[in-house]
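One structure is given here, and the rest of the page talks about it.
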Amino acid sequence: MTKPKDLPSVVPVFPLPGALLLPRAQLPLHLFEPRYLAMLDDALKTDARMIAMVQPNDGVDVEDALHRIGCAGRVTAMSETETGGYMITLTGVSRFRIEEEVDGFTPYRRARVNWAGFEDDLGEAQTDPDLDRAGLTDLLKRFFDDRDLSTDWGSMNEAEPELLINSLSILCPFEPEERQALLEADTLKARREMLVTLIEYALHGGNEQKVMQ
């Protein structure tokens, strides 16, 4: 199990709008730009093999601003594409807070980060004892029908709470700022409540409705 002392103080940053990585969840990425191929090459040379996913922050009047909280993942799979890029899989390790960006000679951005406050990300999978699976499934079916989406309902019904809630947070078509809110949720229960709120909001066009908790 990864311990806080084993985490690097400086990580390469991949600012990708709408991409959400969560602890213990997986995120597939297609890397093809030269700067991000260099980032991957450098990451693979380290023991941590980490790349940090951070949302650009369009809510502030600062060029290339980033949200302060992101999530770092370990490169756990990769394959080369016919065009010379790479398909990789990041497995989420822990969230962090950006303290400052680090200047250097790399073509990609790097940041000094603080892992404090996210120790639970490094532990066992979180649980959600208040999860109403039947109610959530009914809500999801309405949402998926409304958005013409499909899924493997059998696998979804069998998934453990953390895998279910985090996978839905990653896969559902939410806006970048909504994904940031899901990332910053303190607990799995809080993330599930946020997920339900966003789905209800989408289904009812933003009107106030009674939200399943």
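The values are calculated or read from the model by the stated rules, or taken from the named source; none is laboratory data. Just so we're clear, the structure is a prediction, and the values are computed from it rather than from any experiment. So basically every Cβ, Gly included, is an ideal-geometry build from the backbone, and we count neighbours across all protein chains shown.
Let's see how each residue does on (1) touching a residue at least 60 places away in the same chain (Cβ under 8 Å); (2) buried (at least 21 other Cβ atoms within 10 Å of the Cβ); (3) hydroxyl-bearing (Ser, Thr, Tyr):
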{"site": "PRO12", "(1), (2), (3)": "yes, yes, no"}
{"site": "GLY18", "(1), (2), (3)": "yes, no, no"}
{"site": "LEU21", "(1), (2), (3)": "yes, yes, no"}
{"site": "THR46", "(1), (2), (3)": "no, no, yes"}
{"site": "MET53", "(1), (2), (3)": "no, yes, no"}
{"site": "LEU66", "(1), (2), (3)": "no, no, no"}
{"site": "GLY73", "(1), (2), (3)": "no, yes, no"}
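With the requirement that a residue be assigned to a loop (DSSP other than H, G, I, E, B) and surrounded by 13 or more Cβ atoms within 10 Å (Cβ to Cβ), what does region 92-106 give you?
Of everything in region 92-106, those that are assigned to a loop (DSSP other than H, G, I, E, B) and surrounded by 13 or more Cβ atoms within 10 Å (Cβ to Cβ) turn out to be VAL102, THR106.
What is the number of the single condition among (1) free of Cβ contacts under 8 Å to residues at least 24 places away in the same chain; (2) closer than 20 Å to GLU178 by Cβ; (3) of a type in the set (Asp, Glu) that ASP58 does not meet?
(1)
Small (Gly, Ala, Ser), over 17 Å from GLN26 (Cβ atoms), within 22 Å of the chain's Cα centre (by Cα) and surrounded by fewer than 12 Cβ atoms within 10 Å (Cβ to Cβ), is that true of SER150?
When the stated conditions are applied, SER150 passes them.
For a quick check of your reading: which helices (runs of 4 or more DSSP H) sit entirely within region 111-182 and have at least 2 residues that are in contact with a strand residue (DSSP E or B) (Cβ under 9 Å, 6 or more places away or on another chain) and either under 20 Å from HIS67 (Cα atoms) or not assigned by TED's automatic domain parsing to the domain that holds GLU100 (or both)?
Here the list reads 161-171.
Among the residues of region 153-169 satisfying the criterion of being in contact (Cβ under 8 Å) with a residue 40 or more places away in the chain and crowded, with 19+ Cβ neighbours inside 10 Å, which is farthest from the chain's Cα centre (by Cα)?
Filtering region 153-169 down to residues in contact (Cβ under 8 Å) with a residue 40 or more places away in the chain leaves 162-163, 166-167, 169.
Pick out the ones that are also crowded, with 19+ Cβ neighbours inside 10 Å and you get 162, 166, 169.
Values: GLU162: 13, ASN166: 8, SER169: 8 Å.
It comes out as GLU162.
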